């Protein structure tokens, strides 16, 4: 998939302050950076990636020479009982040796080196996927906080509006223009709004703590979606193009593909245990021994010997109790498993892309519908208030209209953030979600 497959373009983000000004706070990019530095799950993925990089030098080591140094010091006591008198010899022997071994033909070592190259690429794909997961988790947690904040603000505004309506109903009841029923209805809606406010405060606390778990820091005031920010449709606006891109470009698919290639070579590596091995072997050593004879010889003897050897060593395995055949069958089964895992990864990637694309498309339609509903619900509220004042509408009509306004605004806020999240998920499904995409979403925040 090419980089032209972008799920959105920022047509414009008008930063309109709702009050006297816009307070500065942490944005999505800053929270994302904090999560990359402090998230425990990503730290584990980073350590796993560093461990995976070591597969290449480990595989290369099987192709390079090995050098060893050995030494020994022995005290010997020798009794020769076939002589008369018996000969007793006590002597000390010291030796050391340096040996070099260079593989000339070890096919399994070569295959293992190839596996190391593939495993490094697989570790990188898994690490990149973990980084994408951090971006998605941060965006989810960040937007959950924003939705919870908007829900709390809507509940507080509704409570205030119901309190004003309750005060007006009581005043009207005192002068006899409304019945006690209107007062009770207004009181009921005010109490319900108070309960909703308490629930919204609790939900916001939970969502803020979830974000703290990712960043390891207390949550600062967060910047919300700018008023007037517009989202465009995915580019290209073709579901099949995104599904096709996900089936090949998804990082989970890439990791599974590389895992299958490792499994294929593992079969070859285990079969190679039947093949002969050829090594170049060279050694150099020194041996020193001395003896003191208590019978048979009057003078002690001492030997000092140097030795140098170079040659080619051939090893042909004949039978190992069926171990090689068993390991080969095991590797074949693992290869079949990796093939099934690859197919499962492709299907899941295609499903994720399809789900994200449709979620984004429906989200954009919902945003447009809720924006229209917001205008009409406010107009309906104004009309019901005016009708209540002139006596053609009753109190419950105004209360219902107020609830409709704030319910619509809350749903509009949620639809906007869910659409933004679907955009990021679509990029992740295609395997192209990067830091620049987080920054693009961040540009929509005020």
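Quick one: what pairs do we get from segment 244-272, first residue in contact (Cβ under 8 Å) with a residue 40 or more places away in the chain and on the phi < 0 side of the Ramachandran plot, second surrounded by 22 or more Cβ atoms within 10 Å (Cβ to Cβ) and outside any helix (DSSP H, G or I), C-beta under 6 Å, 6+ apart or different chains?
Pairs that qualify, where the first residue is in contact (Cβ under 8 Å) with a residue 40 or more places away in the chain and on the phi < 0 side of the Ramachandran plot and the partner is surrounded by 22 or more Cβ atoms within 10 Å (Cβ to Cβ) and outside any helix (DSSP H, G or I), are 249/431; 250/431; 251/431.
Checking residue 396 against (1) more than 30 Å from residue 263 (Cβ to Cβ); (2) touching a helix residue (DSSP H, G or I) at 6+ places or on another chain (Cβ under 9 Å); (3) modelled with pLDDT of 95 or more: exactly one of these is not met. Which one?
With (1) more than 30 Å from residue 263 (Cβ to Cβ); (2) touching a helix residue (DSSP H, G or I) at 6+ places or on another chain (Cβ under 9 Å); (3) modelled with pLDDT of 95 or more applied to residue 396, the lone miss is (3).
Going by the conditions given, is residue 160 surrounded by fewer than 16 Cβ atoms within 10 Å (Cβ to Cβ), more than 28 Å from the chain's Cα centre (by Cα) and assigned by TED's automatic domain parsing to the domain that holds residue 201?
It is true that residue 160 is surrounded by fewer than 16 Cβ atoms within 10 Å (Cβ to Cβ), more than 28 Å from the chain's Cα centre (by Cα) and assigned by TED's automatic domain parsing to the domain that holds residue 201.
Among the residues of segment 355-404, which ones are within 21 Å of residue 188 (Cα to Cα) and in contact (Cβ under 8 Å) with a residue 40 or more places away in the chain?
Correct list: 394, 395, 396, 398, 399, 402, 403.
Just to check your reading of the model, which residue among 123, 169 is buried (at least 21 other Cβ atoms within 10 Å of the Cβ), more than 30 Å from residue 27 (Cβ to Cβ) and modelled with pLDDT under 90?
169
Scan (1) modelled with pLDDT of 90 or more; (2) closer than 19 Å to residue 41 by Cβ for the single condition residue 217 breaks and write down its number.
Of the numbered conditions (1) modelled with pLDDT of 90 or more; (2) closer than 19 Å to residue 41 by Cβ, the odd one out for residue 217 is (1).
For residue 129, state whether it is in contact (Cβ under 8 Å) with a residue 60 or more places away in the chain and either over 30 Å from the mean Cα position of the chain (by Cα) or within 30 Å of residue 62 (Cα to Cα) (or both).
Judged against the criteria, residue 129 is not a match.
Which number in (1) over 30 Å from residue 422 (Cα atoms); (2) in a helix (DSSP H, G or I) marks the one condition that residue 205 misses?
All conditions pass for residue 205, except number (1).
Of the conditions (1) surrounded by fewer than 19 Cβ atoms within 10 Å (Cβ to Cβ); (2) modelled with pLDDT under 95, residue 381 clears all except one; give me its number.
Answer for residue 381: the failing condition is (1).
One residue is enough: does segment 73-86 have a residue meeting the conditions part of a loop (DSSP other than H, G, I, E, B) and at pLDDT 90 or above?
Among the residues of segment 73-86, not one is part of a loop (DSSP other than H, G, I, E, B) and at pLDDT 90 or above, which makes the answer no.
Within the group 231, 222, 204, which residue is in contact with a strand residue (DSSP E or B) (Cβ under 6 Å, 6 or more places away or on another chain) and crowded, with 16+ Cβ neighbours inside 10 Å?
After ruling out the rest, the residue left standing is 222.
Taking the condition in the same structural domain as residue 34 (by TED's automatic domain parsing), buried (at least 21 other Cβ atoms within 10 Å of the Cβ) and part of a helix (DSSP H, G or I), does residue 195 pass?
Here the answer is no, as residue 195 does not meet what is asked.
Going by the structure shown, is residue 94 assigned by TED's automatic domain parsing to the domain that holds residue 304 and either over 30 Å from residue 199 (Cα atoms) or touching a helix residue (DSSP H, G or I) at 6+ places or on another chain (Cβ under 6 Å) (or both)?
yes
Among the listed residues 69, 78, 56, 63, identify the single one that is surrounded by 15 or more Cβ atoms within 10 Å (Cβ to Cβ) and either over 30 Å from residue 126 (Cα atoms) or in contact (Cβ under 8 Å) with a residue 24 or more places away in the chain (or both).
Selected residue: 56, the only one of 69, 78, 56, 63 that is surrounded by 15 or more Cβ atoms within 10 Å (Cβ to Cβ) and either over 30 Å from residue 126 (Cα atoms) or in contact (Cβ under 8 Å) with a residue 24 or more places away in the chain (or both).
Only one of 355, 320, 351, 334 is under 47 Å from the mean Cα position of the chain (by Cα) and at pLDDT below 95; which? Spell out how you get there, then give the answer.
Working: 355 fails: at pLDDT below 95; 351 fails: at pLDDT below 95; 334 fails: at pLDDT below 95.
Just one listed residue meets the conditions, 320.
Could you please tell me which pairs satisfy a Cβ distance under 6 Å, a separation of 6+ or placement on different chains, a first residue in segment 425-445 that is in contact (Cβ under 8 Å) with a residue 24 or more places away in the chain and on the phi > 0 side of the Ramachandran plot, and a second residue that is assigned to a helix (DSSP H, G or I) and crowded, with 17+ Cβ neighbours inside 10 Å?
Pairs that qualify, where the first residue is in contact (Cβ under 8 Å) with a residue 24 or more places away in the chain and on the phi > 0 side of the Ramachandran plot and the partner is assigned to a helix (DSSP H, G or I) and crowded, with 17+ Cβ neighbours inside 10 Å, are 431/249; 431/251.
The values are calculated or read from the model by the stated rules, or taken from the named source; none is laboratory data. Note that the coordinates shown come from a computational prediction; the quantities given were computed from them, not determined experimentally. Glycine gets a Cβ as well: all are built from the backbone with ideal geometry, and neighbour counts include every protein chain shown.
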